Each structure stands twice: as C-alpha cells, then as structure tokens.
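Please treat every number below as a calculation from the coordinates, not as lab data. The structure displayed is predicted, hence computed values, not measured ones. Here the Cβ positions follow ideal geometry from the backbone for every residue, glycine too, while neighbour counts run over all protein chains shown.
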Amino acid sequence: MSAATAEKQAALGSRYLPIPIESLDEEVLTLDIYLRQAERGQFALYRGKGIPFSSKDHKRLVERGVRFVYIPAEQHREYRKALVARLDRLYDDPKLKHDERARIIRTASTQLIEEALSDPTAEGAIESVTDLGDQFANWLEKDPQKFSYLLDISEHDFYTATHMLNVGIGCGILMSRLCPEEPELVQLAFEGGLLHDIGKRDVPEAILNKEGQLEESEWKQIQRHPSLGYEILSEHGGLHSVILEMTRDHHEHLDGTGYPSGRKADDLSLAARVCAVVDVFDAISAARPYRGPTPPLDTLKILAQGAGAQFDADALMAWTKYISQSLKDDPSRAPIVSTGQPLVSLDELLVAPPEGFSHDDDYKADDREISDREHARHACDFPVEAAFIVNGLKEEKTFKAQAKNLSLGGVQIQTNQRIRPGEVLFLAMSAREGSVVDRTARVVHVKELAGGDYLGGLKFIALDDELV
Ligand SMILES: [Fe+2]
Ligand SMILES: [Fe+2]
C-alpha cells in the first residue's frame, strides 16, 4: 500500500483530507492546514488561511517527520485548482532540471488522477484532471522537447494512476504528431488519455498486477473497466465525445477481436486508436511487482506484431518513430537492465528468428498475449542444454531440453529429465545458430506429458538476488 493510500485510510471517515507536504505552496496559505495527532488520531489546526508559511516552516515540519498535512474536505476543490496553477509556475522554474521538474509534476499529477479514481463524483475531481490535460497541451505547444521529458519511458511502476498519467501524456504527444493542425483534438487526447482507465477504480491492484493466468472472474472484472469508465464519465456530463470514446474503446482492436464490444476499425475513432497504442506500450514497458521494466525498443517490437490488426498502423508508426527518436536524442531515458530484473532482451533472442520460430496460432488465438496482462509469448523450438543449480552452484551433469515458448520473462521447456517446481536451472539456449544465450531460471510449474516427458514453465531470475 502506498503511503498516500495509508494516509487516506487513516483519514477515512473524518472530514479532513491528506495532502503531501511538498504540494503546499510557500508564502501565504490559501487553505486551512491541520495536523493529525498520531496518538489520539485527532486533527488540530496548524495554521489558518491567509497566514504566511515560509520555507523554514516547511523544513521544520519535515524534520518532525510530517509527510502529510490535512485540509478540510470542503476546501478540496480550491486546493486542486491551486495545485494545477502551481504546476504551471513550477514547470517554468528555470532552476529545475528535467528530472526534478518531471518528478514534481508527475507526483502532483498522479495525485489528482488518484483522487478522480477514488471518487469521480467529488466536486471538481474530474475537472482537475481535464484542467491538467489543458495545461499539458499548452506546455507541449510552447516547447515539445522540454515537455517530452514528462513522459516516463524508463523504470516506472504500473499503478493505475501512474499508467493513466503516462497514457495521457503519450496520447497528447502522439495526436500532435498525427494532427499537428488540430490543437483542439490534441487537447482532448490529453484529457481522454488521463481519464481512460477511470473504470478501473473498482478493480483491485492485486488483480491488475497479477502474475500469470487470471481466473475467469478476474478477467471479467478487468474487461468491464472500459464500459464502467464510459458510464462514469457520461454520468458526470459535459465531457467531449472524444474523451468518452477513448475511455470506452481503448481495448478494441481494428479487426474486432478486442473488448468490451468487439467494435471494428470503421467504428473506432482516431483518438481511441491513439489511446490503444499508447496504452499497450505503457502497460508492457512498465515494471511490475514481479519483474523489471521491458526496454522500450523491445516493447515497440512486440507492438509491431499487432500493426493493422490490433493497432492502427499509422498511429503505431508515428509512435515508434517518436519513441525511437527520443531514445536516440537521450539514451539515458531507457531503463537500465540490471541483474536483479528477470529480463532478457528480445534483441538477444529474437532479432533473427531462431529455427522453428513462428507466431503460431496459439499466439494469435489469444489476444491477451499482447494485452496488458503479460509478456507476449513466442512459440519456438530450439535446443537448450540445462543443469540444476543447487545451493548456488551449477551441477556438472547437464541434460537436454527443447524450448517451446519464449517471452521476455521466461521460457517453457520440454525435457525427459524430471523437474519440479521451485528448482533452479542454468540454461544455455541455442536460439540462433552459432550463438548461445545463458540464463538462470526457476521452475514455476510442471506438467507431465503422456510420453513421459515434462513440460516446465520457467521464469528467468537473477541468480545473485534470488538464491542468497
Ligand atoms: Fe484500460
Ligand atoms: Fe490503460
């Protein structure tokens, strides 16, 4: 649970709302500020509206370990408005470097989205997010290069609000490249992207971030979120149809195999197509609790497999160009793939398709393979030499296996050697002629086949991290 969520729960039932101390404007307070007394759980007025609040006061509170202050619920609308205005001042602060600016703006923006997610009917909650979208559109128009640093293509998490922020930023950028002459559409793309997953408010993070196969009921719950989001925003009223369509249709595919309605190309707006591309890009590239981030260029390769069928080819091409160029301009924006992250680069294994490699029917039959649930899996058939690792040491005796499926996160092997869940294997994979890729992997599940062979699902791991 994030600190913010814990605070929110602590304040639940009270008429005070927690706000992070960093979001307090210095100079003069525009809101009444309360502190929570931990022992008694009561709220005491710290300073009233109109009273000066200096950077020294700020520092003193931080030194006392105060991370959140409280404002009366009825002042929340004012607070949100002040926050969006404050972001504009911060954005232009010449003292801030790219990464510092991005951190502050992203933290505050995520908070506004989180609030809209937790109660979309709260007065002004949705408007604060659309105001934020308008602010983004202004910034993009002023200086696209500077603005692009707000998009996090490195190691971000996949909590819903972070994802909505990234998708919002990405949708605006992509729309501005596809339709540079239509600033109104760009603005709406920002707004729609920022709100697109609002229907996930009732889906627990545990389901959204679940590793591996989802239960039927869990999958159904996830599939409802576009329609739920559409309902929430329609009931709210006053929002442009472009925003509603992005929310409703961002999981639809051009060939009609998406959800929730199976709408086809002719029924999908450009904004929804844009949202679909940016959505899956962010979902695949983000780090999850159980694995590190997928490098952006690998993510683009995965997306390329859905060009024309799942994704609008022009939108995907424009996005691919944009991300590739951004990384060329500043390679430090790509995540550093370190040991400790169960990652293998697609480049290493799939750049030249290994023998027997195919995007087979199994892959095509299950659209979820390329949705935001897990890594795309590639059917393959190449030899693997394996050895058990016991107490951190590789055994000398090796055995033969065939890789049957490969993804960024793991491999499925077939072998006549008995393997059991929990065992750790060293794998030398001859994915391409003349080159062997070594990986350490843990057996996650095993199926015994009729002929006496074993089919094992293995997850790549970093040896140092997982065995110590
Ligand atoms: Fe979604
Ligand atoms: Fe999404």
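The dipole here belongs to region 92-333: it is taken about the Cα centre, uses +1 on the Cβ of Lys and Arg and -1 on the Cβ of Asp and Glu, and is about 780 debye.
If R0 is 22 Å, what FRET efficiency do you get for Ser227 and Ala309 from their C-beta distance, rounded to 0.05? Calculated transfer efficiency: 0.45.
Extension gain, Trp219 to Asp453: 0.36 nm times the residue separation minus the Cα-Cα distance gives 81.1 nm. Beyond 25 Å between alpha-carbons counts as too far, so tell me which of Lys200/Lys328; Lys59/Lys146; Lys81/Lys142; Lys397/Lys447; Lys301/Lys394 fall in that bin. Pairs exceeding the cut-off: Lys200/Lys328; Lys59/Lys146; Lys301/Lys394. For a modelled paramagnetic label at Thr257, 7 Å from Cα along Cα-to-Cβ, no residue of region 385-412 is in reach, as no backbone nitrogen comes under 15 Å.
Given their separation in residues at 0.36 nm each and the Cα-Cα distance between them, Ser54 and Ala73 gain 4.5 nm when the chain is fully extended. Among the GluC sites (Glu not before Pro) within region 78-156, those in coil by DSSP and having at most 15 neighbouring Cβ atoms inside 10 Å are Glu123.
One compactness figure for region 92-333 is 0.94, namely its Cα radius of gyration divided by 2.2 N^0.38 Å. Stretched out straight at 0.36 nm per residue, the stretch from His98 to Ser430 would grow longer than its current Cα-Cα span by 115.3 nm.
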